1. If you keep only loop residues by DSSP, which trypsin sites (Lys or Arg not before Pro) in the stretch 186-241 have at most 13 other Cβ atoms within 10 Å of their Cβ?
2. Once the cut-off is 29 Å, how many percent of the Cα-Cα pairs in the chain end up in the long-distance tail?
3. So what are the ³J(HN,Hα) numbers for the stretch 287-295, from phi and the Karplus equation (6.51, -1.76, 1.60; θ = phi - 60°), rounded to whole Hz, Gly and Pro as x?
4. Given the options Gly119, Val99, Ile337, identify the residue whose Cα lies farthest towards the positive end of the charge dipole of the chain (+1 on Cβ of Lys, Arg; -1 on Cβ of Asp, Glu).
5. If amide H atoms are built 1.01 Å from N in the plane of the peptide, which residues on other chains or at least 5 residues away come under 5 Å of the amide H of Ala335?
6. Going by amide H atoms built from the backbone, whose H comes under 5 Å of the H on Arg134, apart from near neighbours?
7. Suppose every K and R has +1 on its Cβ and every D and E has -1 on its Cβ; what is the size of the dipole of the stretch 99-353 about the Cα centre, in Debye to the nearest 20?
8. Out of Lys85, Lys299, Lys55, any idea which swings most in a Gaussian network model of the chain, alpha carbons joined below 10 Å?
Amino acid sequence: MTAAAPDRPDLRGLDRAELAAFLATIGVPPARSGQIFSLIQRPGVRDLGGLADLKRPYREKLADRASLSSLAPHAAECSEDGTVKLAFRLADHALIESVLIPTEHDRHTLCVSSQVGCGMGCRFCLTGTMGFTRNLTPAEIVNQVLAAIDYMIDAGMRRSTPREYINNLVFMGMGEPLANYRNVVPAIRVLLDDLGYDLSRRRVTLSTSGIVPQIRRLAEDCNVALAVSLHAPDDALRDELVPINRRYPIAELLDACWHYLERQNGRAVTFEYAMLDGVNDRPEHARALARLLRGRDAKVNLIPFNTFPGTRYARSPEPVIAAFRDLLMSQGVIATIRRTRGDDIDAACGQLKGRVLDRTQVRLGRKLLGVAVQA
């Protein structure tokens, strides 16, 4: 990682308004802020020396008063299905992981992390066993996206714009995004900016375990898709599976979700539901879930549970998952079954834990992106 200087702002994590305000303090004309913002977020630019298109006096001012961090994969691990897990070593030696998932029609989804570890303690999530270490900065979040794009370019992919490399961005990696609100939202603003990564708001999804005040705040601040980790249709079971429910029970959580829908022009909220054998997968659970969501602009994403060492849970059998979906659909609730990707390398939902990987696997990862490896 190219680290930011501790006493200088890291330009990678500033949105356009923040960058313009900073430039004004060092004597760079505001009219230059758009150009500089665009250059900073350009693939291949890993430090201030890469701003060759900027006039020398401005480069010198930036070099004297600012810094520009970057990330490169510490290692990569590759699934048989083409999913690539990228491990990043941060400046303080912490490890985080992002997951690059190929989908249909030569498209890619990137799953990024928002924290080192996670303090939510969800019982069925390996990341939750790590505990919380620290929040990621806006720059560390944005740099995961840039590093993934650089990785794809190094692998031989060629696209016209950043949004053609990363077609969908999901905040579903390590950490609870809304517990790092002050850093996640500025990062999203950078990623949505048409002079930055120009990602579509409908293609950026933030997943939360249910921090109600921040869901309401997000409705005012940031227009992106919302996914909520529900996993149970009643408070007693959800208290066990998702401990944050003891603070923000289901009724309060759903009220915040419906508020979010109203503020976001009726965009559907996705409710994630891990299918745990004999725990939350019975017909009575499906009927109770349908009663909660029926008549709302909501959909349920059923997630086959991804096992990990030491867990006491098991994945529901495929026929049980299919029957659960069909029962929801018969009750008027849209339901889909998530296709499991990357579970053979512990890259699937709930399996990230910042393992140290073998650097030699980076080259293999480029092969599995479906393009020729560069010499």
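Just so you know, all these numbers are worked out from the coordinates, no wet-lab data involved. Just so it is clear, the structure is predicted and the values come from calculations on it, not from any experiment. A quick note on method: Cβ atoms are made from the backbone with ideal geometry, for glycine too, and the neighbour counts reach across all protein chains shown.
1. In loop regions of the stretch 186-241 (DSSP not H, G, I, E or B), there are no sparsely surrounded trypsin sites (Lys or Arg not before Pro).
2. Counting every Cα pair in the chain, those more than 29 Å apart make up 42 percent.
3. For the stretch 287-295, the Karplus-derived couplings read 5, 5, 5, 4, 5, 5, 10, 4, x Hz, x marking Gly and Pro.
4. It is Val99.
5. For Ala335, the qualifying residues are Val300.
6. Hits under the 5 Å cutoff: Val116.
7. Roughly 300 debye for the stretch 99-353.
8. Residue with maximal mean-square fluctuation among Lys85, Lys299, Lys55: Lys55.
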